[in-house]
1. What number of residues within region 95-117 are over 17 Å from Asn62 (Cβ atoms), in contact with a helix residue (DSSP H, G or I) (Cβ under 7 Å, 6 or more places away or on another chain) and surrounded by fewer than 23 Cβ atoms within 10 Å (Cβ to Cβ)?
2. Among the residues that make up region 117-135, is at least one of them β-branched (Val, Ile, Thr) and touching a Lys or Arg at 6+ places or on another chain (Cβ under 7 Å)?
3. So in region 23-49, with the set limited to residues that are touching a strand residue (DSSP E or B) at 6+ places or on another chain (Cβ under 8 Å) and part of a helix (DSSP H, G or I), which one is surrounded by the most Cβ atoms within 10 Å (Cβ to Cβ)?
4. In region 112-155, which residues are touching a strand residue (DSSP E or B) at 6+ places or on another chain (Cβ under 7 Å), among the hydroxyl-bearing types (Ser, Thr, Tyr) and closer than 21 Å to Asp102 by Cα?
5. Within the set of pairs 6+ apart or on separate chains, which have a first residue in region 50-67 that is part of a loop (DSSP other than H, G, I, E, B) and buried (at least 21 other Cβ atoms within 10 Å of the Cβ), a second that is of a type in the set (S, T, N, Q) and at pLDDT below 95, and C-beta atoms under 9 Å apart?
6. Under 8 Å between Cβ atoms, at least 6 apart or on separate chains: pull out the pairs that start in region 132-150 with a residue that is over 21 Å from Ser61 (Cα atoms) and free of Cβ contacts under 8 Å to residues at least 12 places away in the same chain and end on any residue that is of a type in the set (D, E, K, R) and surrounded by 13 or more Cβ atoms within 10 Å (Cβ to Cβ).
7. Would you mind stating whether Arg151 is of a type outside the set (Phe, Trp, Tyr) and crowded, with 20+ Cβ neighbours inside 10 Å?
8. Taking region 81-99, which residues are out of contact with any Lys or Arg (no Cβ under 7 Å at 6 or more places or on another chain) and among the acidic types (Asp, Glu)?
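The values are calculated or read from the model by the stated rules, or taken from the named source; none is laboratory data. Just so you know, these numbers come straight off a predicted model, no measurement behind them. When we count neighbours, we look across all protein chains shown, and the Cβ atoms used for this are built from the backbone with ideal geometry, even at glycine.
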Amino acid sequence: MIGAVLIFLFGFNSNSTFSIVAIDPETEEFGVAVASRVPDVGYIVPWIKAGVGACASQAYSNPYLGPLILDAMSQGKSAEEALKQALKQDTLAEDRQVGVVDKNGRAAAFTGKNTNAWAGHKTAEYVSVQGNLLTGPEVIDTMLKVFQNSRGILAERL
């Protein structure tokens with residue numbers, strides 16, 4: 001079964017944006033969960049194409065990056081190759097933050113130099129976590145650790 005999970009949270013009392021992009025290797029489901037103060041977060045951040053990959057494009061988000069990345073992965077590019085290719089086409093790439101995972105569980109991420117501090121990302125097999133305007137790297141570290149140590153369906157793990 002190939003599926004997708006999208007989870008959006010917005011309106012909380014913070015300026016932060018953070019997200020997680022993952023694949024469940026057993027079910028081949030992709031998922032993206034994002035929390036942000038931006039009300040249209042579900043329109044601009046998460047992108048999923050069943051059987052191909054998923055990504056989150058945030059910070060000063062470019063709504064064209066997600067489709068470019070998914071299209072490149074549809075043509076056989078890895079998460080890293082697709083991300084690099086898309087960012088080369090973006091004149092404001094240093095304002096962006098993007099996390100990507102492909103159908104093989106390879107993850108890639110980018111945090112531009114112009115994103116608001118604290119900003120960063122971490123990747124591991126099957127998952128990418130990223131955030132900006134955070135209190136520090138411990139937020140990203142904890143997100144990754146909790147995901148890696150959790151079991152169950154992808155939607156609940158996200």
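1. Taking region 95-117 as the starting set, the residues that turn out to be over 17 Å from Asn62 (Cβ atoms) are 101-107, 117.
Adding the requirement that they be in contact with a helix residue (DSSP H, G or I) (Cβ under 7 Å, 6 or more places away or on another chain) leaves 101-102, 106-107.
Now drop any that are not surrounded by fewer than 23 Cβ atoms within 10 Å (Cβ to Cβ), which leaves 106.
Going through region 95-117 one residue at a time, the tally reaches 1.
2. Start the filter on region 117-135 by keeping residues that are β-branched (Val, Ile, Thr), which leaves 123, 127, 129, 135.
Now restrict to residues that are touching a Lys or Arg at 6+ places or on another chain (Cβ under 7 Å): 129.
Yes - at least one qualifying residue is present in region 117-135.
3. Filtering region 23-49 for residues that are touching a strand residue (DSSP E or B) at 6+ places or on another chain (Cβ under 8 Å) and part of a helix (DSSP H, G or I), the one surrounded by the most Cβ atoms within 10 Å (Cβ to Cβ) comes out as Val41.
4. Residues satisfying the conditions are Thr123, Tyr126, Ser128.
5. Qualifying pairs under 9 Å: Ser61/Thr17.
6. Here the result reads Ser150/Arg157, each pair linking region 132-150 to a residue that is of a type in the set (D, E, K, R) and surrounded by 13 or more Cβ atoms within 10 Å (Cβ to Cβ).
7. Details: of a type outside the set (Phe, Trp, Tyr): yes; crowded, with 20+ Cβ neighbours inside 10 Å: no.
Criteria not met by Arg151.
8. Result: Glu81, Asp95.
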